[in-house]
Amino acid sequence: MATYAKRTLRSAALWKQAAEWTPLGVHSNYRYIDPHPLFVRRGSGSRLWDVDENEYLDFNMGFGALQSGHAHPKVVEAVQAQVAKGTHYGYEWELSPTVAEKICRRYGQAQVRFSTTGLEATHHAVRIARAVTGRSLLLKFEGGYHGSHDTLLVGVKPRPEVAGPARQPNSVPASLGIPPEVTGKTLVAPFNDLEATRAIVRAHRNDLAAILTEPIPMNMGFILPEPGFMPGLRELCDEVGALLLFDEVKTGTKYYRGAAPRVGVKPDLIVLGKSISSGVPVSAIVTRAGLLDQVGPKKIAHAGTYNSNPLAMAACLATLDHVLTEDGIARSTRLSDRLAAGYREVLTDAHLPAYVAADGVSGMAYFTDHVVRDWRTFCTVDSERWMLYFYSALNRGLIPSGTGPDEQWTISVAHTEADVDRHLSVLREVAPTLRGETHAGTIDEAV
Ligand code: PLP
């Protein structure tokens, strides 16, 4: 951390200025790191440069929002062409229907509504589920993050002391300011435990509007659902008349048609965001026929000044047509496989208790000797050792993943084999230094 502080003096100065006007000096809590956050000047392809002109090989990729890489030429061209014609109209743009059709066809769904952030789209998804079913309860999984709004800021990263029984977790708010009446509408279940989930769902069978989950949770690192778990959730929803909502804000582009086919289940509604428009904010709810029939005045509210904004739609169209192609994603997947294999080899050679989880274009290393299958097993991860790795990598010009042991790497279409090999050579260099004494412990509950 001391080396990081010395390498990033200009960031430190900007942070001082920022902190005067902005709590923590950042506009999203997740961006803060000790002793000060990084301030960035520019990005290109797989590289980022901070304000001290340090170059980083970036595997965070904007917390998974940049599978395009930084400043992809096709996205730059599309946004530049549009910006001169207007940044915003307050009317529908001529190419929005084309983008809508492409999204529906790609994800095998019937209808779509665009919005701007993942937060908004999961918020709309919950309202639609409640309106369509006429029920008010929602079930999410412990450890899952679905955006910074009240209904879903429950059971996000609860400390073990307050989390309650593992098979029937408490609905712990993840922020101050959330009324208990709101928290009480969100049930929390343990991921990968179908029996426990069944018991919770059946106990509320007449009141449950929906189960909302990432098909592959990516806010507890990287957790693949165990065989039968996702099909089990589908059956459970059908049994009690609830909807199955997939939050694919992260996973939606990490597989060409999203992660739903990967886990073998068709949800009623998919939420998209992040990489779908290469870092220009777009989110969407994409649903089966019939689900959005009641969206309209005096029925289900869905509105937003910036929904289907022309700049964002232009970026989305370029992304779908030219950036996140089937071939492009397949190539990124092969690179991710190579990175995961390298991690396994290096960490084994270094005799570090670690376990590598990866699939598609993402993965990560957990410093633990347990298999991580849910939030409670995630709590065995040695966060301090991970942070030691993170700073050691930063100081060598590598951002190995999103910030925190609950994040993962994202391979963009801009990454190359040489980038993956450079990542592994940094890991190989620092691995022996990661063996020292650290303290296992969970990351902070606050979002
Ligand atoms: N859903 C998931 C799975 C996410 O990872 C995130 C953000 O990280 C969100 C929703 C919220 O998206 P946004 O930050 O665009 O509001």
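None of the figures in this text is laboratory data; all of them are computed from the coordinates on show. On a predicted model such as this, the values are computed, not experimentally measured, just so you know. All Cβ positions, even for glycine, are placed from backbone atoms using ideal geometry, and neighbour counts span all protein chains on display.
Stokes-Einstein diffusion coefficient for the chain at 20 °C in a medium of 1.002 mPa s, Rh from the Kirkwood formula over Cα pairs: what value in µm²/s? Let's see the in-between values first.
Numbers: Rh = 22.5 Å.
Estimated via Stokes-Einstein, D reaches 95 µm²/s.
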Kirkwood Rh and Cα Rg combined as Rg/Rh, segment 1-145: 1.05
Under Karplus coefficients 6.51, -1.76 and 1.60, residue-wise ³J(HN,Hα) of segment 355-367 in Hz, glycine/proline x: 9, 9, 10, 7, 5, x, 9, 9, x, 5, 10, 9, 8
Within segment 73-322, percent of DSSP bridges classed antiparallel, to nearest 5: 40
Spin-label pair Thr3/Arg288, simplified geometry with 7 Å Cα→Cβ offset, distance in nm: 5.3
Candidates Ala341, Ala314, Ala393: whichever shows maximal mean-square fluctuation once the chain is modelled as a Gaussian network with Cα springs under 10 Å: Ala341
Rg in Å to one decimal, and Dmax rounded to a whole Å, for segment 314-381 via C-alpha atoms: 16.0, 49
Rounded Å value of the spacing that divides the Cα centres of segment 346-392 and segment 3-23: 29
Normalised contact order of the chain, rounded percent, pairs of Cα under 8 Å and 6 or more residues apart: 21
Dipole axis of the chain (+1 Lys, Arg; -1 Asp, Glu on Cβ), positive-most option in Ala393, His302, Gln408: His302
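Tally Lys/Arg at +1 and Asp/Glu at -1 over every other residue whose Cβ is under 12 Å from the Cβ of Asp359; what's the total?
Details: positive: Lys254, Arg262; negative: Asp337.
My count for the surroundings of Asp359 gives +1.
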Per-selection Kirkwood Rh - segment 73-322 (Cα, Å, 1 d.p.): 18.5
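Past the 21 angstrom mark, what percentage of all C-alpha to C-alpha distances in segment 174-317 do you count?
Values: 5424 of 10296 pairs.
Every Cα pair in segment 174-317 considered, those over 21 Å come to 53 percent.
Given only helices, namely DSSP H runs of n ≥ 4 each adding -39500 (n - 2.57), what is the per-residue ellipticity at 222 nm of the chain, to the nearest 500 deg cm²/dmol? It would help to have the intermediate numbers written out before the result.
Values: 16 runs with 159 residues, N = 447.
Roughly -10500 deg cm²/dmol at 222 nm, from the helical runs in the chain.
Mind ranking 416-425, 295-304 by how tightly packed they are, going by the mean number of other C-beta atoms within 10 angstrom, highest first?
On the way: 416-425: 16.4, 295-304: 12.4.
Listed from highest to lowest mean packing, they are 416-425, 295-304.
Over all pairs of distinct alpha carbons, what does the Kirkwood formula give as the hydrodynamic radius of segment 348-418, in Å?
13.1
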Candidates Gln17, Gln408, Gln80, ranked by Gaussian network fluctuation over the chain, Cα under 10 Å, top entry: Gln17
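Normalised by the empirical 2.2 N^0.38 Å for globular proteins, what value does the Cα Rg of segment 40-102 take?
Details: Rg = 15.3 Å, N = 63, 2.2 N^0.38 = 10.6 Å.
With N residues counted in segment 40-102, Rg over 2.2 N^0.38 Å equals 1.44.
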Where the Cα pairs of segment 110-220 fall when distances are cut into 5 Å bins, in %: 2, 12, 22, 26, 21, 11, 4, 1, 0
Selected from Ser332, Ser68, Ser44 as most flexible by GNM, with the chain as the system and alpha-carbon contacts under 10 Å: Ser44
